[in-house]
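These notes are about the structure you will find just below.
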Amino acid sequence: NGAAFTAVDMAGSTLQLADVYSSAVKNNDIYLGVYDNLGARYDVRFTMQPFHLVVKVKPHDVQNIENTGGCYSIGTHERILGLGENFDAVDNHGKLRKMYLELLTSSETGTNEVHLPIPFLISSRGYGLFINNNHKGFVDVGYSDPNRLCFSFAGDSLEIYYFFKQSFASPLT
């Protein structure tokens, strides 16, 4: 009660979420029902475990939801590794990575189509991120803005796993 929620849109503008929301805590889960400034409700579930946090976001009314995504601040010198096999660089900073396989019949041999994009990344700052989504999407790792990591996937919900070096139960150093 009394908490204020804000969200930042893709352009970096701060949006106020409506004051009307509900919340509940059960075991390691926090459940929120949040309304945006247009009155749409989103059901958010945070599950806290040692060394990782799972966030699930689903609109209460899934009509007209075609894509879901989010953005995070990253440092210009932060190195982002992972996202599947690519043939240009190990560090993904400054790259736009497709999270779907696109076969090019003009150049594929029929024997090397095992290189797949995977929506899992590890940062040089000590955290990992896995977007549990099997729909077509992309991850923008500082490509549009060197200070932001953004992702978008087809579908009406998100399930994101955050991994940390230290457990939530241990003190930060």
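For Phe46 and Asn147, compute 0.36 nm times the residue count separating them, minus their Cα-Cα distance, and round to one decimal in nm. The partial results should precede the final answer.
Values: separation 101, 0.36 × 101 = 36.36 nm, distance 2.54 nm.
Taking 0.36 nm per residue and subtracting the Cα distance, the gain is 33.8 nm.
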*So what are the radius of gyration and Dmax for the Cα set of the stretch 54-93, in Å?*
15.4, 41
*Starting from the Cα of Val55, step 7 Å along the direction of its Cβ; do the same at Glu159; then give the gap between the two resulting points in nm.*
1.7
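Read-outs throughout are calculated quantities, based only on the coordinates presented, and are distinct from any laboratory measurement. The shown structure was predicted, so the numbers you read here are calculated from the model rather than taken from an experiment. Glycine gets a Cβ as well: all are built from the backbone with ideal geometry, and neighbour counts include every protein chain shown.
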